[in-house]
Amino acid sequence: MIFGTISSINEQEMHAYLMFEKETLSKNLLDRYQFNRHLKWSYNYSKIMQARDFQERSKPSKLGTIMRKSFLWYPSSKSDGIAGFSFLSDVLCLKACAVPKTLQNPLPPKVYVDIVVLSMGSLFGRYWPRSHQEKVEYDQPFHPIAEPIEISGHLSITGEQFHNLSLFFEGLYDPVVGQMYMIGCRDVRAFQNSILNGTNLEGGMDSLDEVRVQYPSRNARWLQNTKIKFSINSKRSKEDPLHRIPTSLDTFLLSYQKKLDYVIFRKSFETVIRVLMITVAILCTLSQSRHSENEGHSTAYMSLVMVGIHSLGYGIPLITGDEVLFRWKELSPNNSQTYDFGKFQRFQVLDCSIKILLLVALLLTTKLLQKIWESRSRQLDHDKKLKPQMPSDKIVFLITLFIHIIVFSICHCIRNGFPPLQSGNYMYGRGYMKNFLKWWGELENYAGLVQDFFLLPQIIGNALWHIQGKPLSKFYYLGFTMVRVLLHAYDYARDPVPSRDHGDNEFQYMGLEFYS
């Protein structure tokens, strides 16, 4: 929506000024507008104060801002000139499919989001270099700015749930955190006058919508999928007829160049993480072996079940060839091709190193089991009257097994719902096999939780036995705990990698191919 006035420049002949307005698509305006050094267009930002207040209320914490500024790169301008603003305006434009997050629906309907940036800073429209000198200025080195930039444009959301929402916006873009803080204006003159009476409007425009847009980080594409997040909130009360229900949207995956390179980097990073964590586990086991030699008799009070859990964690991947510690996370629809990393020599070397480290860790853990058993035998040989007081892992094993069965049942019911009391449906053939594979997959996932609670058998043993001394070294239980915590933290931070045959039609376009 373009508003304007026409007035006389002759002070002696004062006439009433003429007001006009025209609704036009932002794209058409940009196509027709050509930058001219002699004719300077400008945009008057009227909602910057409200946008700054919105930014103060919505921006990340100081710690989050420092972390993003230090480690993450977001779309930024080359400079504070018109060439840099033109570059960033193209980057921030978006036309993509999105999915509402607020709908409680496993298959929510798709909506279409379109953002067009009309002006940024001192630039209105786009800057098209014509001469060689202007081309050199446009291709100047990249020196990102860190101050919020004024911005205006148009946002449209098309879908059944939104009834073709159209918002003209003004606000700020913060390149440090990659977020837009915008004040949305929508034309509500189509409503009945009885509804609009008493509402806070500006020329028939409702300017009480706040829109926040979060752009993905450029250098975190190997860890998190490239999606843009939207949130729209109305400052009006729920009783107001113009109040809008808060809305949150996530776009589909966005296209970017060299996707395979980032996938390979992700695989290399995870493989190196496995090598480092298995090395830490080996050092923890060696520390416990030294502690057992120094303490002597307290070694008998180490739980065989606890050490056996570690040995199974090393031995099963060696037998089955599965990935150790955590799995490769990939979006793999049915009949889709997965990435073949075996043809890369670096992964062959790293996989061989992991197997060697697993074998070393298994041997050290087996030796530790032997030390525990020998320590108990020596104490029995020294005084057979101590046999009733000797620690036994039978009760520890049964209690641990019972606890894990209860926890697994609760997790299964929470995830899949409680089964009906009476059911006349019986599964045969493929249905039974499908249900069995589903249970088997849940058991495999729960195996990681068993390793997380590796100290549970030792805690049960401490409660049942008369502990003498300190059977565990601090480096042993703190080291393994740190490994498990770091694994969960990394798994929480990473997103599934798109499958290899993820079609281009599922990736949506963003300006300049996601500023690659």
(request) Return a yes/no flag: does segment 155-163 have any residue that is open to solvent by 10 Å² or more (accessible area, probe 1.4 Å) and modelled with pLDDT of 85 or more. (result) yes
(request) Considering only residues that are open to solvent by less than 70 Å² (accessible area, probe 1.4 Å), at pLDDT 75 or above and charged (D, E, K, R), look in segment 68-112 and name the one that is farthest from residue 224 (Cα to Cα). (result) 90
(request) Report, ordered by the first and then the second residue, all pairs with beta carbons closer than 9 Å, sequence separation of six or more or different chains, a first member in segment 156-176 that is farther than 19 Å from residue 44 by Cα and of a type in the set (A, V, I, L, M), and a second member that is assigned to a strand (DSSP E or B) and open to solvent by 20 Å² or more (accessible area, probe 1.4 Å). (result) 157/112; 157/114; 157/166; 165/156; 165/158; 165/186
(request) Run residue 293 past the list (1) within 30 Å of residue 364 (Cβ to Cβ); (2) buried (at least 18 other Cβ atoms within 10 Å of the Cβ) and report the number of the one that doesn't hold. (result) (2)
(request) Using the structure shown, decide if residue 237 is open to solvent by 30 Å² or more (accessible area, probe 1.4 Å) and assigned to a strand (DSSP E or B). (result) no
(request) Identify the single condition in (1) of a type in the set (Ser, Thr, Tyr); (2) in contact with a helix residue (DSSP H, G or I) (Cβ under 9 Å, 6 or more places away or on another chain); (3) modelled with pLDDT of 70 or more that residue 138 does not satisfy, given that it satisfies every other one. (result) (3)
(message) Could you check segment 210-231 and list, in sequence order, the residues that are among the polar types (S, T, N, Q) and either modelled with pLDDT under 85 or within 22 Å of residue 269 (Cα to Cα) (or both)?
(response) 217, 219, 224, 225, 226
(request) Go over the candidates 277, 306 one by one and state the one that is of a type in the set (A, V, I, L, M), open to solvent by less than 20 Å² (accessible area, probe 1.4 Å) and out of contact with any His (no Cβ under 8 Å at 6 or more places or on another chain). (result) 306
(message) Filter segment 220-234 down to the residues that are crowded, with 16+ Cβ neighbours inside 10 Å and either farther than 16 Å from residue 159 by Cα or without any contact (Cβ under 8 Å) to a residue 40 or more places away in the chain (or both) and list them by number.
(response) 220, 221, 222, 223, 225, 226, 227, 228, 229, 231, 233, 234
(message) Considering only segment 241-253, I want to know if a residue exists there that is more than 30 Å from residue 51 (Cα to Cα), touching a residue at least 24 places away in the same chain (Cβ under 8 Å) and surrounded by fewer than 18 Cβ atoms within 10 Å (Cβ to Cβ).
(response) no
(message) Being surrounded by 13 or more Cβ atoms within 10 Å (Cβ to Cβ), among the hydrophobic types (A, V, I, L, M, F, W, C) and farther than 22 Å from residue 168 by Cβ is the filter here; which residues of segment 48-66 pass it?
(response) none
(request) Would you mind finding the one in 283, 312, 318 that is free of Cβ contacts under 8 Å to residues at least 12 places away in the same chain and closer than 24 Å to residue 477 by Cα? (result) 312
(request) Quick one: in segment 457-476, of everything that is in contact (Cβ under 8 Å) with a residue 60 or more places away in the chain and within 34 Å of the chain's Cα centre (by Cα), which residue is most open to solvent (accessible area, probe 1.4 Å)? (result) 475
(message) Kindly evaluate residue 221 against the criterion of being in contact with a strand residue (DSSP E or B) (Cβ under 7 Å, 6 or more places away or on another chain) and among the charged types (D, E, K, R).
(response) no
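The values are calculated or read from the model by the stated rules, or taken from the named source; none is laboratory data. What you see is a predicted model; the values in this text were computed from it and never measured. So basically every Cβ, Gly included, is an ideal-geometry build from the backbone, and we count neighbours across all protein chains shown. What goes into the accessible areas is simple: the full protein's heavy atoms, side chains included, and nothing from ligands, DNA or RNA. Shrake-Rupley method; radii C 1.70, N 1.55, O 1.52, S 1.80 Å.
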